[in-house]
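Worksheet: one structure, shown below.
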Amino acid sequence: MEDRLEYGRKKTIVVTGADRGLGLALVAEYLKGGNRVFAGKYRRNWHQLEELKEKYPGSLEIIELDVRSQESVEKAACAILEKTEAIDILINNAGVWLDHNTGTILDEEMDYDAIMEQINVNALGALRVTHALIHAVLKSFDQLVVNISSEAASMTDCKKDSQFGYCMSKAALNMASCLILNGIREKGGAVINLHPGWMQSVIGEPADCDAPYVEPAEPGEVKYYTTPEITARGFIRILEEPERFSGRLPGFVNYRGDKMNW
Ligand SMILES: NC(=O)c1ccc[n+]([C@@H]2O[C@H](COP(=O)([O-])OP(=O)(O)OC[C@H]3O[C@@H](n4cnc5c(N)ncnc54)[C@H](OP(=O)(O)O)[C@@H]3O)[C@@H](O)[C@H]2O)c1
């Protein structure tokens, strides 16, 4: 706690998987707010981050990052730590959904490669990045690790009988959040899991369909369409006061601040 660096109202933020979707929207919103952002770039021949860099040359750093690779994570961490000693908010957003047309336990085929890949990106990726940057997080004012989770992680609300890879990877991510919190709580660190809602993005919508934005029918309803921009603004509001949503366990809430079931 003694090492914490006071930043006033401007924060230093790291976002993984920031080329598009929610990651890009979070980067854009935080830059708009005058913060300093390190954005993980993974996708080749995709230039939206570079366009933002032209607009915010002094505040945005684009960092090559493949969260599946320890080498890439270490290289990215070095590049970040060369430029900043402290990270207020680390947002583990990078994710994949590969469970297209996957079957149930009764089907003949099970795509173990896809399951392993999702666990590697969605769960281990967040762990690798957090491990590489945790000391810088603990030197900051906010000391906050954010894992972009999903309703798919919820055991209480699980109604699916397929999508093993995605659901198991997000449940593992939530468990990682608990373990990380237990390791950093005494130093003042905090962890929160956020569910974006059913978002219009590569992961969220079928390739041939423009998912419409639909207002939730009632507060607390968690399965509805939203957009990366709406979700990013909701998340940023929540991350201003993460302690409101957390206790002995990390918070687990959607972008409206509705509590999710573990
Ligand atoms: N959309 C939803 O409805 C929904 C619901 C619940 C949770 N989520 C979660 O929200 C987060 C953001 O997803 P999104 O909907 O914005 O989807 P998205 O547009 O596909 O964004 C995910 C980003 O992560 C990147 N990525 C993939 N593999 C990576 C790797 N190995 N290293 C670094 N980056 C990698 C993707 O790059 P490529 O585009 O090149 O793959 C993409 O830029 C994910 O964690 C997702 O699981 C989404």
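The values are calculated or read from the model by the stated rules, or taken from the named source; none is laboratory data. All figures in this text were calculated on a predicted structure; none of them were measured in a lab. Because the Cβ atoms are built from the backbone with ideal geometry, glycine has one as well, and the counts that use them run over all protein chains shown.
Contact map, the stretch 149-174: residues that are on the phi > 0 side of the Ramachandran plot paired with residues that are of a type in the set (D, E, K, R) and surrounded by fewer than 22 Cβ atoms within 10 Å (Cβ to Cβ), Cβ distance under 6 Å, separation 6+ or inter-chain. Pairs shown: Q163/D99.
Give the stretch 12-29 a look and list any residue that's within 12 Å of the ligand (Cβ to nearest atom) and of a type outside the set (A, V, I, L, M), or say none. Correct list: T16, G17, D19, R20, G21, G23.
Search the stretch 133-147 for residues being over 16 Å from the mean Cα position of the chain (by Cα) and more than 17 Å from N93 (Cβ to Cβ), and hand back the single one that is surrounded by the fewest Cβ atoms within 10 Å (Cβ to Cβ).
H135
Annotation note: of A171, A153, the sole residue that is within 15 Å of the ligand (Cβ to nearest atom), buried (at least 23 other Cβ atoms within 10 Å of the Cβ) and under 23 Å from G103 (Cβ atoms) is A153.
Quick grid of which residues meet (1) more than 14 Å from the ligand (Cβ to nearest atom); (2) part of a strand (DSSP E or B); (3) among the basic types (K, R); (4) in contact (Cβ under 8 Å) with a residue 40 or more places away in the chain:
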| site | (1), (2), (3), (4) |
| --- | --- |
| L31 | yes, no, no, no |
| G40 | no, yes, no, yes |
| N45 | no, no, no, no |
| K53 | yes, no, yes, no |
| E61 | yes, yes, no, no |
| V73 | no, no, no, yes |
| C78 | yes, no, no, no |
| L81 | yes, no, no, yes |
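Filtering the stretch 7-28 to residues that are closer than 16 Å to L90 by Cβ and modelled with pLDDT of 95 or more leaves K11, T12, I13, V14, V15, T16, G17, A18, L22, G23, L26, V27. What number goes with the only condition from (1) crowded, with 24+ Cβ neighbours inside 10 Å; (2) under 13 Å from the mean Cα position of the chain (by Cα) that Y30 does not pass? For Y30, the exception is condition (2). Applying a threshold of 7 Å to beta carbon distances and a minimum spacing of six or more residues, or different chains, the list of pairs starting in the stretch 99-128 at a residue that is within 16 Å of the ligand (Cβ to nearest atom) and ending at one that is assigned to a helix (DSSP H, G or I) and of a type in the set (S, T, N, Q) reads Q118/S169; I119/S169; N122/S169; A123/S169; R128/Q70.
Can you pull out every residue in the stretch 175-234 that is among the hydrophobic types (A, V, I, L, M, F, W, C), at pLDDT 90 or above and either away from the ligand (no atom under 14 Å from the Cβ) or within 18 Å of D88 (Cβ to Cβ) (or both)? Write out each step before concluding.
Step one: list which residues in the stretch 175-234 are among the hydrophobic types (A, V, I, L, M, F, W, C), which gives 175-176, 178-181, 184, 190-192, 194, 198-199, 202-203, 207, 209, 211, 214, 217, 222, 230, 232.
With the extra rule that they be at pLDDT 90 or above, the set shrinks to 175-176, 178-181, 184, 190-192, 194, 230, 232.
Within the stretch 175-234, M175, C178, L179, I180, L181, I184, A190, V191, I192, L194, A232 qualify.
Here is a check on your reading of the model: is L49 among the hydrophobic types (A, V, I, L, M, F, W, C), surrounded by 21 or more Cβ atoms within 10 Å (Cβ to Cβ) and within 15 Å of the ligand (Cβ to nearest atom)? Taking the combined requirement at face value, the residue satisfies it.
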